[in-house]
Amino acid sequence: MKPTVVIAYPGFGDIEVEKEILGRTDVNVEHVGALDTEEAWEAASRADVLMVTIQTVPAELIERMERCRLICRVGTGLDAIDIPAATAHGIWVTYAPDYSIDEVSTHAIALVLAQARGLPGFFRTTRRGIWDAQAGGVLRRLSEQTLGVIGCGRIGQATASKGRGVGLNVLVFDPYADAAVIAELGVRLVDLEILLRDSDYISLHSPLTSETSRLINAETLALMKPTAYLVNAARGGLVDEEALLAAVQEGQIAGAALDVLAEEPVATDHPFLLEERILLTPHAGWYSEESMVDVRVQGAEEVVRVLRGERPRAPVNEIE
């Protein structure tokens, strides 16, 4: 009996990239779109492999997936998949850890530079016919300022390197950082409190775990400079959004630029949309035409490996 690969991609117009690669082995391929109907769950329960993008894969679904060997996250964030439940059921969970390193780190630095050069203020005032070189606020030379990077994985490392490349001094906080990596980057590893107090821009690049959930909260925001900006191109759950809004409105920090929110897409009445000092982009940091292909290729190649009985390239759990 041929193994069945169920592809649950909402919003993707086709799965031709996946079909071409999965064609290297003898499989049935079924595309169900989002995992939000009983029909989709029924298909997933018959799957030998489930490929997902941002969909939630809870323990309740995993318990029904008696044939499944692999849940393949076609992306990076893993907080929507119940990994302990998958492990308990003998199911590999994999992801694509390196498909959008360049894109996300570039997006983060772009958000930093937008704040550093006062671009939001310039855009607003020039559209109103105001030609004023100081309309962007008080601007300072980058070489006199500090970027704090929280999380020194692949994307955090790339962000730190690009930050140095544009002239910023760079601090890093990561309790699991590799000393050799820090030395090669030429940045300074510090504790979280020092980073919060000394940074002019703070860019988040941690995974969302029980340890990091709401890492940025009223207490940590209070440690930041009143002139500092927060950037988040990682996971929305890293930030207590109510505390951030209050900190910006009360002048505890100067502003924020967010590519991710706790709930997406953003509600049309979300208070962030009314606050000019908080910039939003629509979880676009990962996107380029190249990365969109790369992530699908990496995911499909992982499926082929597992179906051939090989160890996956990027597992996040261990199966005995």
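Descriptive notes on the structure:
- Within the option set Glu39, Glu30, Glu66, Glu20, being part of a loop (DSSP other than H, G, I, E, B) and either surrounded by fewer than 18 Cβ atoms within 10 Å (Cβ to Cβ) or at pLDDT 95 or above (or both) holds for one residue only, Glu66.
- Spans of helices (runs of 4 or more DSSP H) in the stretch 97-205 with at least 3 residues under 16 Å from the mean Cα position of the chain (by Cα) and either basic (Lys, Arg) or at pLDDT 95 or above (or both): 101-116, 154-165
Let's see how each residue does on (1) touching a Phe, Trp or Tyr at 6+ places or on another chain (Cβ under 8 Å); (2) surrounded by fewer than 15 Cβ atoms within 10 Å (Cβ to Cβ); (3) under 25 Å from Val295 (Cβ atoms):
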{"site": "Val74", "(1), (2), (3)": "yes, no, yes"}
{"site": "Ala80", "(1), (2), (3)": "no, no, yes"}
{"site": "Asp102", "(1), (2), (3)": "no, no, yes"}
{"site": "Ala108", "(1), (2), (3)": "no, no, yes"}
{"site": "Pro120", "(1), (2), (3)": "no, no, no"}
{"site": "Thr126", "(1), (2), (3)": "no, yes, no"}
{"site": "Arg140", "(1), (2), (3)": "no, yes, no"}
{"site": "Val172", "(1), (2), (3)": "no, no, no"}
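- Conditions (1) surrounded by fewer than 21 Cβ atoms within 10 Å (Cβ to Cβ); (2) closer than 30 Å to Ala80 by Cβ; number of the one not met by Leu189: (2)
- Selection count where residues are in contact with a helix residue (DSSP H, G or I) (Cβ under 8 Å, 6 or more places away or on another chain) and of a type in the set (S, T, N, Q), scope the stretch 41-56: 1
- The residue that is nearest to the chain's Cα centre (by Cα), among those in the stretch 225-263 that are surrounded by 24 or more Cβ atoms within 10 Å (Cβ to Cβ) and closer than 16 Å to Ala116 by Cβ, is Ala233.
- Among the residues making up the stretch 121-145, those that are more than 28 Å from Asp198 (Cβ to Cβ) and charged (D, E, K, R) are Arg124, Arg127, Arg128, Asp132.
- Evaluation of Pro312 against the conditions (1) more than 24 Å from Val93 (Cβ to Cβ); (2) in contact with a strand residue (DSSP E or B) (Cβ under 7 Å, 6 or more places away or on another chain) shows that the sole unmet condition is (1).
- From the options Pro271, Pro315, residue that is over 21 Å from Ala116 (Cα atoms), surrounded by fewer than 17 Cβ atoms within 10 Å (Cβ to Cβ), touching a Leu at 6+ places or on another chain (Cβ under 8 Å) and of a type outside the set (Lys, Arg): Pro271
- Of the helices (runs of 4 or more DSSP H) entirely within the stretch 218-320, those holding at least 2 residues that are more than 30 Å from Val27 (Cα to Cα) occupy 218-221, 241-249.
The values are calculated or read from the model by the stated rules, or taken from the named source; none is laboratory data. For clarity, every value in this text was computed on a predicted model and none was experimentally measured. Cβ sites come from the backbone with ideal geometry, for glycine too, and all protein chains shown count toward neighbours.
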